[in-house]
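Some notes on the structure that comes next.
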Amino acid sequence: MSSLHEIEKTLTSIWMQRQPVESAQSLSCLLEADQFDADGARLYARLIGYGHEDVLTSIYPYCAQLLGNSWEKLVKKYVSLFPPDHFHLNSSARRFPQFLNEHCTDLLEKRAYLAELADYEWLEMELLEVDTAVSVTERTPLSDPEAFVSLGPVLNPTLAVRTYKYPIQKIVDLLDEGKGSRKKFAPEKSHVAMYRDPFSHRVRIVELDDNAQVLLSEAAVSSYGQLAKRCVELNPERNPQSSVTDLIELIEQFHEINLFVGDRKVGK
Amino acid sequence: MPDFLDTKKRLPNLGIGLGLRRELATETLESESRIDWLELVPENYMGLGGACRERLESARNKFPLVTHGINLSIGSTDDLNSEYLSKLKKLLDLIDAPWFSDHLCFTSCDGIYMHDLLPLPRSKEAIKLIAEKVKRVQETIGRPFLLENISYYMNVPGCEMNDSQFLAEVAEKADCGLLLDVNNVYVNSLNHGFDPYQYLDQIPLERTVQIHVAGHKQGSEYVIDTHGSAVVEPVFELLQYVLERVEAKGVMLERDQNFPEFEEILLEVDRIRAISDAAAQVRHSGMPPRAASAIKQFERKAAPAGRKDLAEVKHARVLSA
Ligand SMILES: [Fe+2]
């Protein structure tokens, strides 16, 4: 008699389409060849397959849009190489960017930005769900010179900054407008900041230029004054006064959109 | 008397509830006057923040909550997932659930999660394994646990007994409660050709703590448990049949897709309440409950179903939030 494990293993292989329905005949609990409910097994395989495609499509809508008819086949290949390994449903889509990088070189030859686009889409998903509480605290106006040197920003704890080789946000914007699916994109370094808004719980996405990216990467350990100094250094050809004015505007904007969520005292 | 029946006596009577779904959350949370309690899918909240966390907080401030899990995978030969159990325990402690439930099925094998409720070989070996796992789950979580009868669309190899015998033996050996889904009983009776009343007579109904009521859809090959249409009369009749015989501590409507106006859902909740009240009167009056033969005959109808019907099932079973 087949053991419970043998039966579950065989059914799993068939339902996950890792083995053909005929492989069930190896089970010794099947006395006659026609005893196996092949139609039922195919039905479950279809249901499970649709489920995977649904999850992948809901998490990677831009990749799905770009790939059109070949999307379904790609999802099947992904699931066969990276079967879901976690009880959290969305987590079954976690390794899709890795899959593109490691197993889809032909696809990346045509659309080299695809793996970065997938990383962008997964990051958005991750930040939507991450179990990090975000609280916004009151702040002191930067017009107070004492505050300018003794305080620095508190970053939204869900913040993640990515530097991509391709202009991912531009590609996403074009896809949103229904354009860009046939376009070729040349490499163009871009920085994207993503975080979850503490009030709407939606993920907000901000494109950063090179200087803003540097300033943001140092913001967690700097005072507002130190950031101003750094900003002047980063723009040696500019009038320092205008650089500082721009920085103050940027800081105010970051507070307004809850990328910064308060002030912190800076120790000497 | 088995320990679980003692435990059942001490459980609160929650009344008539609804599944907490993301799409219906706003209306649901405003309907305290017509809904007594909510059931939630723990996987949609365990270890998650943001909007999920906020919805959970709002729900817990207004309603008693219980969880109904997908991925405990109680029938799998894989060991219990300790990360899953510890996250589930944390959630159950937070909402102080009077009980929690999952399905009599398996969802994973050798570490692969299929994210679907998959039928088990109904064997002695499976019963032994499940009884041991249920005991460990109840010990770890420290709250009463219920198993739900699933709907299934395949004859699994290795079965040594019928569905009702399997459910009965599991519940008794594991000494756990039942979450009886009367729609699943009805759907299975149509798909696999058995008498749903006989099924109910063969399982330890007295272990029923919670009941699910839902709608289904006729597919080309099978009647599918979609949770996406109105509840049909034969399912209400099965509900009445059960409630005239035993007390359940909570009865609820599962509606996971193809949402109608919310008032339509509330009217179904009202209907369940009316049936539950009438049945309680029968129980308390000492009058004999209606016999199955007095109830309208059920019949199998077939209508074509396309791929979409099947895809919907998946949504109903797994993606509901
Ligand atoms: Fe159910």
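The values are calculated or read from the model by the stated rules, or taken from the named source; none is laboratory data. Computed from a prediction, not measured in an experiment: that's the story for all the values here. Positions of Cβ are backbone-derived with ideal geometry, glycine not excepted, and every protein chain shown enters the neighbour counts. These accessible areas exclude ligands, DNA and RNA; they are computed on the full protein's heavy atoms, side chains included. Shrake-Rupley method; radii C 1.70, N 1.55, O 1.52, S 1.80 Å.
Testing A:Gln25 on (1) more than 9 Å from every other protein chain (Cβ to nearest Cβ); (2) assigned to a helix (DSSP H, G or I); (3) modelled with pLDDT of 90 or more, one condition comes back false. Which one is that?
(3)
Return the residue satisfying two criteria in turn: it lies in region B:127-154 and is of a type in the set (Phe, Trp, Tyr) and at pLDDT 95 or above, and of such residues it is most open to solvent (accessible area, probe 1.4 Å).
B:Tyr152
Taking the criterion of being within 14 Å of chain A (Cβ to nearest Cβ) and of a type in the set (S, T, N, Q), would at least one residue in region B:166-185 satisfy it?
no
Residues are listed down the side, and each one gets a yes or a no for (1) among the small types (Gly, Ala, Ser); (2) assigned to a strand (DSSP E or B); (3) open to solvent by less than 60 Å² (accessible area, probe 1.4 Å):
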position: B:Lys8; (1), (2), (3): no, no, yes
position: B:Gly17; (1), (2), (3): yes, yes, yes
position: B:Thr26; (1), (2), (3): no, no, no
position: B:Ser31; (1), (2), (3): yes, no, yes
position: B:Leu38; (1), (2), (3): no, yes, yes
position: B:Gly47; (1), (2), (3): yes, no, yes
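Testing B:Asn188 on (1) in a helix (DSSP H, G or I); (2) touching a residue at least 40 places away in the same chain (Cβ under 8 Å); (3) within 14 Å of another protein chain (Cβ to nearest Cβ), one condition comes back false. Which one is that?
Against the list (1) in a helix (DSSP H, G or I); (2) touching a residue at least 40 places away in the same chain (Cβ under 8 Å); (3) within 14 Å of another protein chain (Cβ to nearest Cβ), B:Asn188 comes up short only on (2).
Give me the helices (runs of 4 or more DSSP H) completely within region A:32-83, filtered to those with at least 1 residues that are away from every other protein chain (no Cβ under 12 Å) and open to solvent by 80 Å² or more (accessible area, probe 1.4 Å), ordered by residue number. Reasoning before the result, please.
On the way: elements: A:38-59, A:61-67, A:71-81.
Result: A:61-67, A:71-81.
Could you check how many residues of region B:77-114 are more than 16 Å from the ligand (Cβ to nearest atom), under 19 Å from the mean Cα position of the chain (by Cα) and either within 8 Å of chain A (Cβ to nearest Cβ) or of a type in the set (Ser, Thr, Tyr) (or both)?
1
Out of (1) more than 21 Å from B:Gly75 (Cα to Cα); (2) at the interface with chain B (Cβ under 9 Å from one of its Cβ atoms); (3) part of a loop (DSSP other than H, G, I, E, B), the odd one out for A:Gln19 is which?
(2)
Considering only residues that are over 21 Å from B:Asn258 (Cβ atoms) and either touching a Pro at 6+ places or on another chain (Cβ under 6 Å) or modelled with pLDDT under 95 (or both), which ones fall in region B:3-38?
B:Asp3, B:Thr7, B:Leu11, B:Pro12, B:Leu14, B:Trp37
Please count how many residues of region B:208-220 are more than 16 Å from the ligand (Cβ to nearest atom) and either away from every other protein chain (no Cβ under 14 Å) or in contact with a helix residue (DSSP H, G or I) (Cβ under 7 Å, 6 or more places away or on another chain) (or both). Before the answer, list the steps.
Restricting attention to region B:208-220, the residues satisfying the condition of being more than 16 Å from the ligand (Cβ to nearest atom) are B:218-220.
Checking the rest, the ones that are also either away from every other protein chain (no Cβ under 14 Å) or in contact with a helix residue (DSSP H, G or I) (Cβ under 7 Å, 6 or more places away or on another chain) (or both) come to B:218-219.
Residues meeting the conditions: 2.
Could we say that B:Ser229 is more than 14 Å from every other protein chain (Cβ to nearest Cβ), within 27 Å of A:Arg42 (Cβ to Cβ) and either within 15 Å of the ligand (Cβ to nearest atom) or more than 13 Å from the chain's Cα centre (by Cα) (or both) here? Please lay out each step first, then the result.
On the way: more than 14 Å from every other protein chain (Cβ to nearest Cβ): yes; within 27 Å of A:Arg42 (Cβ to Cβ): yes; either within 15 Å of the ligand (Cβ to nearest atom) or more than 13 Å from the chain's Cα centre (by Cα) (or both): yes.
Yes: the conditions hold for B:Ser229.
Would you tally the residues in region B:164-187 being more than 15 Å from the ligand (Cβ to nearest atom) and crowded, with 22+ Cβ neighbours inside 10 Å? Talk me through it step by step, then tell me what you get.
Looking only at region B:164-187, we keep the residues that are more than 15 Å from the ligand (Cβ to nearest atom), and these are B:164-166, B:168-176.
If we keep only those that are crowded, with 22+ Cβ neighbours inside 10 Å too, we end up with B:166, B:170-171, B:174, B:176.
Number of matching residues: 5.
When you look at B:Arg55, is it touching a residue at least 12 places away in the same chain (Cβ under 8 Å), open to solvent by 20 Å² or more (accessible area, probe 1.4 Å), over 22 Å from B:Ala248 (Cα atoms) and not small (Gly, Ala, Ser), yes or no? Step through it out loud before you land on a result.
On the way: touching a residue at least 12 places away in the same chain (Cβ under 8 Å): yes; open to solvent by 20 Å² or more (accessible area, probe 1.4 Å): yes; over 22 Å from B:Ala248 (Cα atoms): yes; not small (Gly, Ala, Ser): yes.
Considered against the rule, which asks whether it is touching a residue at least 12 places away in the same chain (Cβ under 8 Å), open to solvent by 20 Å² or more (accessible area, probe 1.4 Å), over 22 Å from B:Ala248 (Cα atoms) and not small (Gly, Ala, Ser), B:Arg55 comes out as yes.
Using the structure shown, decide if A:Leu142 is in contact with a Phe, Trp or Tyr (Cβ under 9 Å, 6 or more places away or on another chain) and in a loop (DSSP other than H, G, I, E, B).
Working: in contact with a Phe, Trp or Tyr (Cβ under 9 Å, 6 or more places away or on another chain): yes; in a loop (DSSP other than H, G, I, E, B): yes.
The answer is yes for A:Leu142.
Could you check region A:145-183 and list, in sequence order, the residues that are part of a loop (DSSP other than H, G, I, E, B) and either assigned by TED's automatic domain parsing to the domain that holds A:Asp119 or of a type in the set (A, V, I, L, M, F, W, C) (or both)? I'd like the intermediate steps shown before the answer.
Going residue by residue through region A:145-183, those that are part of a loop (DSSP other than H, G, I, E, B) are A:156-159, A:165-167, A:177-183.
Across region A:145-183, the qualifying residue is only A:Leu159.
Going by the structure shown, is A:Leu127 surrounded by 18 or more Cβ atoms within 10 Å (Cβ to Cβ), hydrophobic (A, V, I, L, M, F, W, C) and more than 14 Å from chain B (Cβ to nearest Cβ)? Even if it seems obvious, please write down each step before you answer.
Values: surrounded by 18 or more Cβ atoms within 10 Å (Cβ to Cβ): yes; hydrophobic (A, V, I, L, M, F, W, C): yes; more than 14 Å from chain B (Cβ to nearest Cβ): no.
Spelling it out, it is not the case that A:Leu127 is surrounded by 18 or more Cβ atoms within 10 Å (Cβ to Cβ), hydrophobic (A, V, I, L, M, F, W, C) and more than 14 Å from chain B (Cβ to nearest Cβ).
What are the residues in region B:191-223 that are open to solvent by 10 Å² or more (accessible area, probe 1.4 Å) and either more than 16 Å from B:Asp163 (Cα to Cα) or assigned to a strand (DSSP E or B) (or both), if any?
Across region B:191-223, the qualifying residues are B:Glu206, B:His216, B:Lys217, B:Gln218, B:Ser220, B:Glu221, B:Tyr222.
Check whether at least one residue in region B:280-287 is away from the ligand (no atom under 14 Å from the Cβ) and within 14 Å of chain A (Cβ to nearest Cβ), and report yes or no.
Residues of region B:280-287 that are away from the ligand (no atom under 14 Å from the Cβ), as a first pass: B:280-287.
From what is left, the residues that are within 14 Å of chain A (Cβ to nearest Cβ) are none.
Taking every residue of region B:280-287 in turn, none turns out to be away from the ligand (no atom under 14 Å from the Cβ) and within 14 Å of chain A (Cβ to nearest Cβ).
For region B:232-263, which positions are within 15 Å of the ligand (Cβ to nearest atom) and closer than 23 Å to B:Leu20 by Cβ?
B:Val235, B:Leu239, B:Ala248, B:Gly250, B:Val251, B:Met252, B:Leu253, B:Glu254, B:Arg255, B:Asp256, B:Gln257
When region A:85-105 is examined, which residues are found to be more than 7 Å from chain B (Cβ to nearest Cβ) and not in a helix (DSSP H, G or I)?
Within region A:85-105, A:Arg94, A:Arg95, A:Cys104 qualify.
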